[in-house]
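**Student:** Let me give you the structure first, and then I'll get to my questions.
Values quoted throughout were computed directly from the atomic coordinates according to the rules given, and no laboratory measurement underlies them. Computed from a predicted structure; not experimentally measured. No Cβ is skipped: glycine too gets one built from the backbone with ideal geometry, and neighbour counts run over all protein chains shown.
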Amino acid sequence: MTQSSSQAMLRRGVIYLGALLILVWSASPFLWQFSTAFQLDRALTSGTPSLIPDPFTLEHFRNVFVSKQLQYYILNSMIVSLTTTFLCLAIGSLAAFALSRLNVKGRYGILMVILSVSMFPQITLVGPLYIAAATLGMLDTYTALILVYIALVLPLVTWVLYGYFETLPREIDEAGRMDGLHAIGIYWFIILPMSMPSLVTTGLLAFITAWNEFLFALAFTSNIDHQTIPVGIAGFTNLYYVPWGDIAAASVIVTAPLILLVLVFQRHIIEGLTQGGIKE
Amino acid sequence: MGRVEVSTRRRPALPRWIWPWLLLLPTFMSLGAVAFWPILEGLRLSFTNTSLISGSTDYVGLSNYVGLMSDGRFWNAWVHTVWFTVISTGLETLIGLGMALILCERFRCRGLIRAAMLVPWAMPTVVTSKMFAWLFDGQNGVINWVLLNSGIIQSNINWYGDPQTAMATIIIADVWKTAPFMALLLLTGLQSIPTSLTEAARMDGARGWMIFWTIRLPLLLPTLLIAGLFRALDAFRIFDLVYVLTGGGPADSTETLSTLAYKELFSTLEFGYGTTVTTAMFITEALLAVILCLWLVHTIRRVT
C-alpha cells in the first residue's frame, strides 16, 4: 500500500503550517517591538494596538539619544565587546592549537575542565570578583569587564577552535616542520590563515556574548561612563510611566546589528555552536 | 634534515616540552583567576560574617549554613529555580523537537526560517525581558488585547504583576527565546541520521509516527539528552530575565537563587551570607551536572 495523494497533500499542509508557526514565533514579538518604536505614546496607550504606526514618529529615537544618551552606552559596549573578542581569539586559539597540535599530556582532561567552567553559575563568581576589583580599584573600568568576559567566553572559543583545528589535515604541519617552522610558526603561518572562517564565527559568538552580558556589567559599573547597553536599557524608566516607545527604539537600535550579523553568518553560527556544545 | 638542525640550533633556550604549556598559560591564568579562584574564595567567605557595611570579616564557622537551612527565602528561591528549570527545559526540548521535525522536511524558504530562528537567541536577554514586559503589560499589552478580543479572557490579566501568573510569564519568555535555538541543535542531530534508514522504513510501509518512534527518536536520543542537559544547567542560573522583568517579585513569587544571591550581595552587602547562598547554588549545580551526566551515559549506553 502506498500513501494516497490526499494523505501526501495533508502532509505538505501540516509542514507548511508548522513552518508558518515557527516564523510567527521567531519574528512576531520583535516585529511588534519594531512597530512600537515608531508609534506615539498616545497611540500605544489608546487601547487598540495597531501594527502600522499611525502617525509615524521618530520621537522615541530622538529621546533615546538626546535624553537617555544611548550613544555612550553603545560606545562602552563597543569598546568592551571588541576588545574581549580580539583578546579571546588570541588566547583561545593559542590554547586550542596547543591542545590540537602539540604533545599535551591529559588533553582531554584539560578540555573537560575548560568546558566545565562554562557551566559555573556566574552569580557564584561575581561576589569575590567584586571585592577583588574594589580592592584593586578596578570598579567602573573597562579593564575589569574585559578580564571577566574573556574568561566567560574562553571555554566556547577554545572548544569551537579546537574542533576546527582537528579537522585540518596533519600533513600540512609536517610540511611546515620540514620547511623549518617552529610550533609558533606553524600556528601563525599555517593554522591561523587556514582557520579564517572558524575565527570569524567564533569571534562573532564571543562578540554577541560580551555585547549581551548583564550580571557583571550591572555589578561592576555604576555610571554612564562605563555602563554597557544591557544595563542602560534595564535602567530605562521615567518617573510616572514606563517609556515603552523609548525602550522599543533602543531595543531596535541594539538588536538590529546583531540580527544582520546573524542572518549573514547563520550557517556558520549553527555549525560552530553544534561543534562546541553538542558533538563531542 | 639539515634545515631542522638549523632551526633547533637557532632556538636553544627553551626545551620542547615547555611550548604547549606556554601557549596554554594565558587560558589557565584567565580561567584560574576569574573562575576557579572566586569559587574557592566564595567558599572561604561563606565561613565568615563579611559585610561591606560593618566591615567585619570574622570567621563564624558553619553558622551561615545553619542560617541558610532555616531561611524560608532561600528554600522559596530554591523551589522556584528547580521548578523553572524543569518546566522550561521540558517545554523547550519538546517544542524544539517539534520545530526540528518540521525543519528537516524539504520546503520553500527553509533557509529564511532557519535564519529567523536565530533572532530570539541573538537578542540580548535584557531586551527580551523588556519586550515581554511590553507584550504582557497589564494595561496596554498586546497579549491581553488579543485574548480579550478573542473572548478567551473576560478582563485584563496583570501577567507579571500577579503572583499567580508571574512565573508563568517568565517561563513563556524563556521558552520563546530558547526553543528555536534548541530546535537548531536538534536539527543537526536529525540530519545526521542517514536518510536510507527512513527511506527503507517508508518502503516497508511504515507511517510517519512509526518512523519517528522506532528510528528517529532512538537515534536522536543522545543529542536530545545532551542538549537538554546543557539547557537545564543554563536554566538553573537564570538571572537576567527575572531581574529585569519582575526583580523577583511580586511577593517573592519569582525569586530565584541567582536573584536572591544578587540582592544578598549587592543590596544588603552581606557578602558572608551572600556567598553562602552562591556556594550552595554551586554545589546544587555541580550535583545536578554529575547526576544528569551519569544518567545520560547510562541511558545512551542502554539505547545504543
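**Student:** Of A:163, A:235, A:106, which is the most mobile in a GNM of chain A whose springs link Cα atoms less than 10 angstrom apart?
**Tutor:** It is A:106.
**Student:** Could you line up B:89, B:165 from fewest to most neighbouring Cβ atoms inside 10 Å? Numbers along the way, then the final one.
**Tutor:** Working: B:89 24, B:165 18.
Lowest to highest Cβ neighbour count: B:165, B:89.
**Student:** Treating cross-link reach as a plain straight distance, find the aspartates and glutamates whose alpha-carbon is under 13 Å from the alpha-carbon of residue B:130, omitting any fewer than eight places away in the same chain.
**Tutor:** Cross-link targets: A:246, B:174, B:240.
**Student:** Choose one answer from A:179, A:246, A:41: the residue with the largest mean-square fluctuation in a GNM of chain A with alpha-carbon springs under 10 Å.
**Tutor:** A:179
**Student:** Just how far, in whole angstrom, is region B:86-108 from region B:278-304 if you go by their alpha carbon centroids?
**Tutor:** Using only Cα atoms, the two centres lie 23 Å from each other.
**Student:** Further question on the same structure: What residue among A:136, A:204, A:159 has its Cα farthest toward the positive end of the dipole of region A:128-206, where the charges are +1 on Lys, Arg and -1 on Asp, Glu, each on the Cβ?
**Tutor:** Ranked along the dipole, the leading option is A:136.
**Student:** How big is the dipole moment of chain A about its Cα centre under a simple scheme where the beta carbon of each Lys and Arg is +1, that of each Asp and Glu is -1, and everything else is neutral? Debye, nearest 20, please.
**Tutor:** On the way: 12 positive and 14 negative charges, 103 e Å.
With only Lys, Arg, Asp and Glu charged at Cβ, the dipole is about 500 debye.
**Student:** Additional query: Averaged across A:259-272, how many Cβ atoms of other chains sit within 10 Å of each residue's Cβ atom? Intermediate values should be presented prior to the final figure.
**Tutor:** On the way: counts 6, 1, 2, 8, 7, 1, 2, 10, 3, 0, 5, 9, 1, 0.
Mean shielding by partner chains, rounded to a whole number: 4.
**Student:** Which whole number gives the average count of other chain Cβ atoms within 10 Å of the Cβ atoms across peptide B:261-268?
**Tutor:** If you average over the peptide's residues, the count of other-chain Cβ atoms is 3.
**Student:** Span-like helices, chain A: DSSP H, alpha-carbon axial extent 27 Å or more, mean Kyte-Doolittle -0.5 or greater, which ones?
**Tutor:** Values: long enough: A:5-36 (45 Å, 0.84); A:70-101 (45 Å, 1.30); A:142-167 (36 Å, 1.59); A:244-277 (39 Å, 1.19).
The qualifying helices are A:5-36, A:70-101, A:142-167, A:244-277.
**Student:** Choose one answer from B:75, B:37, B:134: the residue with the largest mean-square fluctuation in a GNM of chain B with alpha-carbon springs under 10 Å.
**Tutor:** Largest GNM mean-square fluctuation: B:37.
**Student:** Additional query: Could you compute the FRET efficiency for residue A:21 and residue A:86, with r as their C-beta to C-beta distance and R0 at 51 Å, rounded to 0.05? Write out the running numbers ahead of the final one.
**Tutor:** Numbers: r = 40 Å, r/R0 = 0.79.
FRET efficiency, residue A:21 to residue A:86: 0.80.
**Student:** May I pose another question? Over chain B, what is the relative contact order in whole percent, taking alpha-carbon pairs under 8 Å and six or more residues apart? Please report the intermediate quantities before stating the final value.
**Tutor:** On the way: 318 pairs, mean separation 83.7, N = 304.
Once normalised by length, the contact order is 28 percent.
**Student:** FRET efficiency for residue A:41 and residue B:295, Cβ-Cβ distance as r, R0 = 35 Å, nearest 0.05? Display every interim value, and only then the final one.
**Tutor:** On the way: r = 52 Å, r/R0 = 1.48.
That pair, residue A:41 with residue B:295, gives E of 0.10.
**Student:** On full extension of the chain, what length is gained from residue B:63 through residue B:17, given 0.36 nm per residue of separation minus the C-alpha to C-alpha distance? Spell out each step's value before the answer.
**Tutor:** Working: separation 46, 0.36 × 46 = 16.56 nm, distance 4.79 nm.
Full extension from residue B:63 to residue B:17 adds 11.8 nm.
**Student:** Anything in chain B that counts as a DSSP H helix reaching 27 Å or more along its axis (C-alpha) with Kyte-Doolittle mean of at least 0.5? List them, would you? Don't skip to the end; give the middle numbers.
**Tutor:** Working: long enough: B:72-103 (45 Å, 1.05); B:166-191 (38 Å, 1.40); B:271-303 (47 Å, 1.27).
Span-like helices in chain B: B:72-103, B:166-191, B:271-303.
**Student:** Still on this structure, I have one more. Rounded to the nearest 500 deg cm²/dmol, what is the calculated helix-only ellipticity per residue at 222 nm for chain A, with -39500 (n - 2.57) per DSSP H run of length n ≥ 4?
**Tutor:** Numbers: 12 runs with 198 residues, N = 280.
Computed ellipticity for chain A at 222 nm equals -23500 deg cm²/dmol.
**Student:** Roughly speaking, what is the centre-to-centre gap between region A:203-230 and region B:205-273 when only Cα atoms are used, to the nearest Å?
**Tutor:** Cα centroid of region A:203-230 versus Cα centroid of region B:205-273: 22 Å apart.
**Student:** Assuming R0 = 41 Å, can you tell me the calculated FRET efficiency for the pair residue A:58 and residue A:141, based on Cβ-Cβ distance, to the nearest 0.05? The partial results should precede the final answer.
**Tutor:** Numbers: r = 35 Å, r/R0 = 0.85.
Rounded to the nearest 0.05, the efficiency is 0.70.
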